[in-house]
Amino acid sequence: MIGHHKDREVCVMQSAETVLGVLRERGRRGLPCDELYRQLFNPQLYLLAYGRLYSNKGAMTPGVTAETVDGMSLGKIDRIIDALRHERYRFSPAKRIYIPKKSGKLRPLGLPPWSDKLVGEVVRLLLEAYYEPTFSDRSHGFRPGRGCHTALREVANTWTGTTWFIEGDVSDCFGSFDHQIMLDTLAERIHDNRFLRLMRNMLTAGYLEDWVWNATLSGVPQGGVVSPVLSNIYLHRLDEFVETVLIPEYTRGRIRKQDTGYARVRAARDRAHRRGDRAQARKLRQQLRGMPSGDPRDPGFRRLHYARYADDTLLGFVGPNLDSSEVAAAGRRRGLPGLSPVVWWGCRRVSLRGRRVPWFGGGAGSAPSGWWWPVGAGQVGAGSWRRRCQQLVNASAHGQLSLMARVRCRAWWDSRAGRCHSR
């Protein structure tokens, strides 16, 4: 906003909420961003970023320099903005350390200096505000207001009648992003060369391991504040592929044909009602409650569901085993260009009557990675399955399940003993 003060033009910066609101609206309307880099000159965005970062434990962890959040001041923000205004700002290499994984392997983690964390958080705020309205509703990872509990709720409420689950995982997701494809994806909607150059400098800053500089030829650093939103921007290609190609290809029919066995039992119940045999009618009515009204093997009915949490994906298929195998093969054959092939691993059948039900818990999120919930023959039906789904949703939403847990649990129901065992 431009005002006048003593015959001088004074530039008054907009508030951070105003800037992010304008970006959300442009993203919602599909308009390009032509001057995104100049938003990095706004001190209000750095104050907002500081408020989000200063209380984190990593704020006091030094990177390749001794700089931390300690000693933060408005003067430091002014110096960062001045360097960005003259395009002199350069991201420092991240200090690489390794943290143990549950599998016994080591995960690389990058520790950037405090200034890079602050600038990265401002970039994350801008990118998230602009791209968030364009992301798929089936994506639940690293997004505001979404998480494992929303993925659980979607599967519990909308994936009715699913008979096959096809789980997928992008191998070495954060380390396998192709830099040129990432920059090209950003350039499709961000028409600002200065901002794209800054992103290239961020991606190619490299890392220090044992005080030896190493180049980053692909991927984004694990531990970087911008990495989650960049992964969602990159994997949005996968969401579009599934929604525009796989789902229409393997979805057919409006409703199922009526099951012949269900129709026979219902006709027998009606005849018992007409002749006044209440005991027989009651028995047949109980039998109908445990039978599917639609033909589960209807060749003209197919449904394909999809959910993604970060790099963990889940497809739910209603149809025969042959078609589900074709869906899995399509995912392997049509992997994203520049990324390690997307492999839909594992193809397990799910039956709500008398078989174990594999459960997807959102992979790297707040719920365990693989849940098996039991459905016992003749005792536990779809109602108990739905109640268990709701229990997992509530537990995840209230933080009763540990964050970033990658625990794979299996349980099944012993219909004879009536007890739940774990292995």
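Here are some notes:
- Scanning the range 178-206 for residues that are touching a residue at least 60 places away in the same chain (Cβ under 8 Å) and either part of a strand (DSSP E or B) or open to solvent by 70 Å² or more (accessible area, probe 1.4 Å) (or both) yields a count of 5.
- Condition met for A215 (in contact with a strand residue (DSSP E or B) (Cβ under 9 Å, 6 or more places away or on another chain), among the small types (G, A, S) and open to solvent by 50 Å² or more (accessible area, probe 1.4 Å)): yes
- Of the numbered criteria (1) over 23 Å from the mean Cα position of the chain (by Cα); (2) surrounded by fewer than 20 Cβ atoms within 10 Å (Cβ to Cβ), the one P133 fails is (1).
- Hits in the range 172-216 (condition: touching a Phe, Trp or Tyr at 6+ places or on another chain (Cβ under 6 Å) and among the aromatic types (F, W, Y)): F177, F195
- Across the range 60-103, the number of residues qualifying as open to solvent by 90 Å² or more (accessible area, probe 1.4 Å), charged (D, E, K, R) and free of Cβ contacts under 8 Å to residues at least 24 places away in the same chain comes to 3.
The values are calculated or read from the model by the stated rules, or taken from the named source; none is laboratory data. Everything numeric in this text was worked out from a predicted model, so none of it was measured. Don't worry about glycine lacking a Cβ; one is built from the backbone with ideal geometry, like all the others, and counts go over all protein chains shown. Only protein heavy atoms, including side chains, enter the accessible area calculation; ligands, DNA and RNA are left aside. Shrake-Rupley method; radii C 1.70, N 1.55, O 1.52, S 1.80 Å.
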